[in-house]
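The values are calculated or read from the model by the stated rules, or taken from the named source; none is laboratory data. From a predicted model like this one, the values you see are computed outputs, not experimental measurements. FYI the Cβ positions are ideal-geometry reconstructions off the backbone, even for glycines, and counts take in every protein chain you see. In case anyone asks, the SASA skips ligands and DNA or RNA and just uses the protein heavy atoms, side chains included. Shrake-Rupley method; radii C 1.70, N 1.55, O 1.52, S 1.80 Å.
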Amino acid sequence: MSTLPVKREKSNKRKYFMEKLSGKVFLFCALLSVISLLLIIGFVFFKGSKPFIGEGYSIVDFLFGNDWVPSENQFGIFPMIVASIYATIGALIIGVPVGLFTAIFLAEIAPKSIAKIISPAVQLLAGIPSVLYGVFGLAVIVPFLQNQLGLIKGQSLIAVILVLAIMMLPTVVTVAETAIRAVPKSYREGSLALGASQIGTIFKVVVPSAKSGIMTAVVLGMGRAIGETMAVILVAGNSLIIPTSLTDSIRPLTTNIALEMGYAFGTHQEMLFATGIVLFSFILLLNFVLARISSKGGN
Amino acid sequence: MRKLKDLILLGLLWFAAFLTVAVLVTIVGFIFYKGIGLISFDFIFGDYSPSGGGGIWPMVVTTIYTIVISLLIATPIGILAAVYLQEYAKQGRMVRIIRFATESLTGIPSIIYGLFGAVFFVTTLKLGMSIIAASLTLTIIILPVIIRTTEESLKTVPQSYREGSLALGTTKLQTLYKVILPSAMPGILSGIILSMGRIIGESAAIFLTAGTVAAMPESIFSSARTLTVHSYLVTQEAGDIELAAAIGIILIAIILILNFSATWISKKLNKADY
Amino acid sequence: MYTTILEPKMVKDEKSTVTETPETKTKIHVENLNLFYGEKQALFDVSIDIKEKEVTALIGPSGCGKSTFLRTLNRMNDLIEGVKISGKIIIDDENIYESNDVIKLRTKVGMVFQKPNLFPMSIYDNVAYGPRMQGIKNKAILNEIVENSLRGAAIWDEVQDRLKSSALGLSGGQQQRVCIARAIAMKPDVILMDEPTSALDPISTLKIEELIAAMKKDYTIVIVTHNMQQAARVSDKTAFFLNGEIIEFDETSKIFSMPSDQRTEDYVTGRFG
């Protein structure tokens, strides 16, 4: 008589089948990120380890050798490692304090009307292609350094540091500001009620409470700095020397890959993948160290 | 003494904020100042000319190709992956592994993606330096972004919607596409727009996978330049700051439009609920 | 043709009058039901017979397991990870935990939740949601189902001229009655109500209580309530839950006037809870 209950019975089998099938499809989609990661690690490591496993090159010579002359089969990346470390640390030294202080200013000091304009604007700047920072660096910072410091070539470690520091600012400011704003009001009120000044409260109570968020800001900023390639090429100068001063021209790990990948083949190309592995390991290591620091600070 | 210290710190806070704003305003101002002279209808829609003075239309087309292809692939996969993590998976090792992989993908610098794309898509899959190879590489780059933003917006869908729907004898799948995904749509859309920004800003990975041919791509299997790569190359090879800045204006304008539309969409869709 | 689709109740009534009188027929038979959240046991040997076309109230202090028990009847607890169940729940000669057709179970056993949980859609789409998901696409049928369901939930007059506007624009009480309409639209035999008035004002509460009284002739209703007056007003039978056990189950009038267990008396007289 009634069609509704009949319909229930009939279609349910198909529904349960679809249910099972869709679950499997969704799982497969989720597994694609695992598969991608494994493929990336697999291919980069496979290619990059070939010279050391099959072709008798020494890892020590690779990591600590000073000469990179692909035409003579000399592949030492020590100057690039040093350059990458210097550039990243330098950018952090400038970018983090400025970014953090700006974030504190926006979250705690600035009048609401001002913060409401600046915060979204800074956020927007985080989305600007990093190449444009490099263009600015080449057109403005490099000539400025050249003129002011009387350098033959303005492209230098300090130029890289400045460009990377500027580039990480929006990221650091945005993430740190969010973290600081998330600190409960009651913390501030508690401190102010005890007679602490506004500035004292900010630095003794608010900032420490937002520590993990601030750490995230630093890690993200650092990630942007150490991984940046094209903007850095424009201002680094690309000299294969161990930098001894801020005004030396440098070639960090990333730029080495981008500059030579286009024409490299054979062992030379594999060595670029090996350079990639080193870069990869650096990022893992730095993330690990920062995670340790922040968890220790938490205790 | 304490007061003095407070004053100095306060001064530093103002100074830092001033510095940040000044630097960022300078950069944007510089790009506009240098590039605005070149902006014209012909510049955007004109064909490229190797001798200079031409337009950037081939690069605009290439950029659009990469955006469309990588979104077409990454969006469904990313959304369904997020659905699996939030709605289907039992908490346990599998979910931890998938989460770890997704987070790790976020941390990989784009030059490594470029290396991978060059050896996997370009060489192993024999796609050659091409728009499709670059788009597939970009797919992996934006996948974690889409997964994360979709997960976040799925979290905001009230549990009561799920219960209400399932209690009516519907399947999880029906509940998903009739109730949960529509409610999560604003968040998902802003995630998609965010990834468009990421694609537009990308340079190193595309540089190594799409190559640098400055011409209108014949198909998605042609090598070509995106706007960002073009902006890099004209600076690096020709030192043409004006041209790079003019491309920069276009890029910034696109990013602005994307951001505003993201805000607008999520506001509009949120309002529609009430 | 369509009217027969819309009146499956009548068919069932005929059948039940042939076999048993409505007063005596057991709709839901629960035997030795135990429920665990992981290691923690939440229900202990619950046994109860819920009669057809009666209102059965479940009362007890917070955390006594009455809501948990209610949710075993349409297997909503399946959504929570780590829930284990032993014992029997038999609805219409079928052990619902043995038959794995949860979809069928939930179309037969509808539910109304503590807070109105309408979807962000129009009133019409909310009520038509369930039938549509069962594959009913015919406009005329859907229109009739929606109208009859809204009438059945005593909300038709208030919403008939705004069916296409968002359901979330209604007041809390109206929303809850649309939720009831949404459940009715599935033509269930049983309707579970989990503190349906706890989020509502007294006037809306009264309307829902009147509605429950009217719905009794068509549905078997199981209602969890915090409000003892409500239990006394709307239910035929009342079960008193304490610490995951049923302490006492009897005619509502008896539970509230001369309970046989001291703990029931303490609770209904307001000494704890």
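Considering only residues that are among the aliphatic types (A, V, I, L, M) and in contact with a helix residue (DSSP H, G or I) (Cβ under 6 Å, 6 or more places away or on another chain), look in region A:194-205 and name the one that is nearest to the other protein chains (Cβ to nearest Cβ).
Selected residue: A:199.
Take residue B:9 and decide whether it is within 30 Å of residue B:180 (Cβ to Cβ), surrounded by 16 or more Cβ atoms within 10 Å (Cβ to Cβ) and within 11 Å of another protein chain (Cβ to nearest Cβ).
So residue B:9 fails the test.
Given the options C:206, C:211, C:192, name the one that is modelled with pLDDT of 95 or more and either surrounded by 24 or more Cβ atoms within 10 Å (Cβ to Cβ) or under 18 Å from the mean Cα position of the chain (by Cα) (or both).
The match here is C:192.
Kindly check whether there is at least one residue in region B:62-83 that is facing chain A (nearest Cβ under 9 Å) and in contact with a Phe, Trp or Tyr (Cβ under 6 Å, 6 or more places away or on another chain).
Narrowing region B:62-83 to residues facing chain A (nearest Cβ under 9 Å): B:76-83.
Now drop any that are not in contact with a Phe, Trp or Tyr (Cβ under 6 Å, 6 or more places away or on another chain), which leaves B:80, B:83.
Checked against the condition, which is being facing chain A (nearest Cβ under 9 Å) and in contact with a Phe, Trp or Tyr (Cβ under 6 Å, 6 or more places away or on another chain), region B:62-83 yields at least one hit.
Quick one: in region C:112-134, which of the residues that are of a type in the set (A, V, I, L, M) and open to solvent by 10 Å² or more (accessible area, probe 1.4 Å) is farthest from residue C:90 (Cα to Cα)?
In this case the residue turns out to be C:121.
Could you figure out which of (1) facing chain B (nearest Cβ under 10 Å); (2) open to solvent by 40 Å² or more (accessible area, probe 1.4 Å) isn't true of residue A:111?
(1)
Evaluate region C:202-220: report whether one residue or more is part of a helix (DSSP H, G or I), touching a residue at least 12 places away in the same chain (Cβ under 8 Å) and within 14 Å of another protein chain (Cβ to nearest Cβ).
No, region C:202-220 contains no residue that is part of a helix (DSSP H, G or I), touching a residue at least 12 places away in the same chain (Cβ under 8 Å) and within 14 Å of another protein chain (Cβ to nearest Cβ).
Evaluate the following for residue B:190: is it at pLDDT below 95, of a type in the set (S, T, N, Q), open to solvent by 10 Å² or more (accessible area, probe 1.4 Å) and farther than 25 Å from residue A:127 by Cα? Outline the logic, then answer.
On the way: at pLDDT below 95: yes; of a type in the set (S, T, N, Q): yes; open to solvent by 10 Å² or more (accessible area, probe 1.4 Å): yes; farther than 25 Å from residue A:127 by Cα: no.
Answer is no for this residue.
So which residues in region B:215-237 are free of Cβ contacts under 8 Å to residues at least 12 places away in the same chain and of a type outside the set (Ser, Thr, Tyr)?
Those that are free of Cβ contacts under 8 Å to residues at least 12 places away in the same chain and of a type outside the set (Ser, Thr, Tyr): B:218, B:236, B:237.
If the requirement is being within 18 Å of residue B:150 (Cα to Cα) and touching a residue at least 12 places away in the same chain (Cβ under 8 Å), which of these qualifies: B:98, B:36, B:44?
Exactly one residue qualifies, and that residue is B:98.
Of everything in region C:66-90, what is touching a residue at least 60 places away in the same chain (Cβ under 8 Å), aliphatic (A, V, I, L, M) and either exposed (fewer than 15 other Cβ atoms within 10 Å of the Cβ) or touching a helix residue (DSSP H, G or I) at 6+ places or on another chain (Cβ under 7 Å) (or both)? Give them in sequence order.
The one that is touching a residue at least 60 places away in the same chain (Cβ under 8 Å), aliphatic (A, V, I, L, M) and either exposed (fewer than 15 other Cβ atoms within 10 Å of the Cβ) or touching a helix residue (DSSP H, G or I) at 6+ places or on another chain (Cβ under 7 Å) (or both): C:89.
Mind checking which residues of region A:154-169 are under 10 Å from residue A:137 (Cβ atoms) and either open to solvent by 10 Å² or more (accessible area, probe 1.4 Å) or outside any helix (DSSP H, G or I) (or both)?
Result: A:154, A:155, A:162, A:166.
Tell me whether region A:122-145 contains one or more residues that are open to solvent by 10 Å² or more (accessible area, probe 1.4 Å), assigned to a helix (DSSP H, G or I) and away from every other protein chain (no Cβ under 14 Å).
Checked region A:122-145: at least one residue is open to solvent by 10 Å² or more (accessible area, probe 1.4 Å), assigned to a helix (DSSP H, G or I) and away from every other protein chain (no Cβ under 14 Å).
Name, by its number, the condition in (1) closer than 29 Å to residue C:56 by Cβ; (2) of a type outside the set (Asp, Glu); (3) more than 18 Å from the chain's Cα centre (by Cα); (4) buried (at least 23 other Cβ atoms within 10 Å of the Cβ) that does not hold for residue C:171.
(4)
In region C:139-168, what residues are without any contact (Cβ under 8 Å) to a residue 60 or more places away in the chain, polar (S, T, N, Q) and open to solvent by 60 Å² or more (accessible area, probe 1.4 Å)?
Passing the criteria: C:143, C:160.
Which members of region A:76-95 meet the condition of being within 11 Å of chain B (Cβ to nearest Cβ) and surrounded by fewer than 22 Cβ atoms within 10 Å (Cβ to Cβ)?
Residue satisfying the conditions is A:94 alone.
Select from region A:249-268 the residues that are over 21 Å from the mean Cα position of the chain (by Cα) and surrounded by fewer than 20 Cβ atoms within 10 Å (Cβ to Cβ) and list them in ascending order.
If the condition is that a residue be over 21 Å from the mean Cα position of the chain (by Cα) and surrounded by fewer than 20 Cβ atoms within 10 Å (Cβ to Cβ), then A:260, A:262, A:263, A:264, A:265, A:266, A:267, A:268 are the ones that fit.
Take residues that are among the aliphatic types (A, V, I, L, M) and over 16 Å from residue A:99 (Cβ atoms) and tell me which of the helices (runs of 4 or more DSSP H) falling wholly in region A:170-247 contain 2 or more.
Result: A:185-193, A:230-236.
Would you tally the residues in region B:14-37 being in contact with a Ser or Thr (Cβ under 8 Å, 6 or more places away or on another chain) and open to solvent by less than 30 Å² (accessible area, probe 1.4 Å)?
Here the count works out to 3.
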